[in-house]
1. Collect the residues in the stretch 61-74 that are exposed (fewer than 12 other Cβ atoms within 10 Å of the Cβ) and in a helix (DSSP H, G or I), keeping them in residue-number order.
2. Pick from Ala24, Ala77: which is modelled with pLDDT of 75 or more and exposed (fewer than 11 other Cβ atoms within 10 Å of the Cβ)?
3. Looking at Ala248, is it among the small types (Gly, Ala, Ser) and modelled with pLDDT under 95?
4. Would you confirm whether or not the stretch 277-289 contains a residue that is out of contact with any helix residue (DSSP H, G or I) (no Cβ under 6 Å at 6 or more places or on another chain), more than 19 Å from Phe236 (Cα to Cα) and open to solvent by less than 50 Å² (accessible area, probe 1.4 Å)?
5. Could you tell me how many of the residues in the stretch 220-238 are crowded, with 18+ Cβ neighbours inside 10 Å and either assigned to a strand (DSSP E or B) or β-branched (Val, Ile, Thr) (or both)?
6. Which of (1) under 53 Å from the mean Cα position of the chain (by Cα); (2) modelled with pLDDT of 95 or more is the odd one out, the single condition Ala174 does not satisfy?
7. Only residues that are surrounded by fewer than 17 Cβ atoms within 10 Å (Cβ to Cβ) and under 60 Å from the mean Cα position of the chain (by Cα): list them for the stretch 180-206, please.
8. Determine which single condition Leu192 fails, assuming it passes every other condition in (1) in a strand (DSSP E or B); (2) in contact with a Lys or Arg (Cβ under 8 Å, 6 or more places away or on another chain); (3) over 23 Å from Glu176 (Cβ atoms).
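The values are calculated or read from the model by the stated rules, or taken from the named source; none is laboratory data. Just so it is clear, the structure is predicted and the values come from calculations on it, not from any experiment. Using ideal geometry, Cβ is built from the backbone for each residue, glycine included, and neighbour counts are taken over all protein chains shown. These accessible areas exclude ligands, DNA and RNA; they are computed on the full protein's heavy atoms, side chains included. Shrake-Rupley method; radii C 1.70, N 1.55, O 1.52, S 1.80 Å.
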Amino acid sequence: MENENLTKSKKDKTLMIIIGVLSAILIVLFVFFLVEKKENRENMIAITAEKEELQQELTDLSHHYDNLKTDNDTLNAKLVHEQEKIATLMDKMKKFRNDSYAEINRYKREIGTLKTVLRSYVVQIDSLNQLNQKLLAENKEVKKQMDWVRERNKTLEKKTEKMEETLEKANTLAVENFHIYPINKRDKETTLKKCFQLKADFTISRNITAKRGPRMIYLRITRPDGEVLAASSKSFFKFQNASLTYSARREITYEGEKLDVAIYWPNDGSLTKGEYVADLFSDNQQIGSLKFILK
């Protein structure tokens, strides 16, 4: 009986030891569980903070790309491509469950690459902008020079035109003492009723700058009714790109000195009373004009 009690006592003691050991193991496992849970919670918080930081970096990167301006179409296409990469990475991070440092590190590497590419584009665009500013400055200088040349040419053209005008005036014959009146057959001044011819006499002034040689002088007489007294149906001459009718003409030889000239228009019976206009032309210039009255 005593032996049985002893054996039972040993069994109870062994059971108690086993229970104690198991309890200790459970306590240790529970402590490890709490520690690991705490560490996991801290890791999740840290990963979440890094994820938010990376998302902010992506947002900042996107803004930086938005602010990059260039007129280079090729570079603009590359910038758009990088913007698409940023948008894709931001979508992926929204779906990320904050439970992997490896995933966070992969995002860090991708964002680092995007930053490096951004820096290279900033350098390229800065170089292009400097080049554009240089070209713009050069273009302004070229435009300034072209404006100066254009203005100089205008000045020269005006001077040339003025010189040509002066030369033309210098070469133009000048008429003085211009008169026109009816004469009889004896070349004496008479009345309209006895008019045999109209006589235009005048003096060509001295002009040492005018060209020498033969000149054709045209007389054009206009009646009170506006009709021109034509020498014939084919009596035309060129004046200022127009074709005018002349009443009479005479070729002279001019040597730069004063020259008295007379031109006659034979009365064909078409003269009437009233105020007439007589004009003289030579070398595409009008050299004289007057009004006279036939009574």
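1. Step one: filter the stretch 61-74 for residues exposed (fewer than 12 other Cβ atoms within 10 Å of the Cβ), giving 63, 66-67, 69, 71, 73-74.
Listed by number, the residues that qualify are His63, Asp66, Asn67, Asp73, Thr74.
2. Ala77
3. Numbers: among the small types (Gly, Ala, Ser): yes; modelled with pLDDT under 95: no.
It is false that Ala248 is among the small types (Gly, Ala, Ser) and modelled with pLDDT under 95.
4. Within the stretch 277-289, none of the residues are out of contact with any helix residue (DSSP H, G or I) (no Cβ under 6 Å at 6 or more places or on another chain), more than 19 Å from Phe236 (Cα to Cα) and open to solvent by less than 50 Å² (accessible area, probe 1.4 Å).
5. Counting residues in the stretch 220-238 that are crowded, with 18+ Cβ neighbours inside 10 Å and either assigned to a strand (DSSP E or B) or β-branched (Val, Ile, Thr) (or both) gives 2.
6. With respect to (1) under 53 Å from the mean Cα position of the chain (by Cα); (2) modelled with pLDDT of 95 or more, Ala174 is out only on (2).
7. Passing the criteria: Thr203, Ser205, Arg206.
8. The failed condition is (1).
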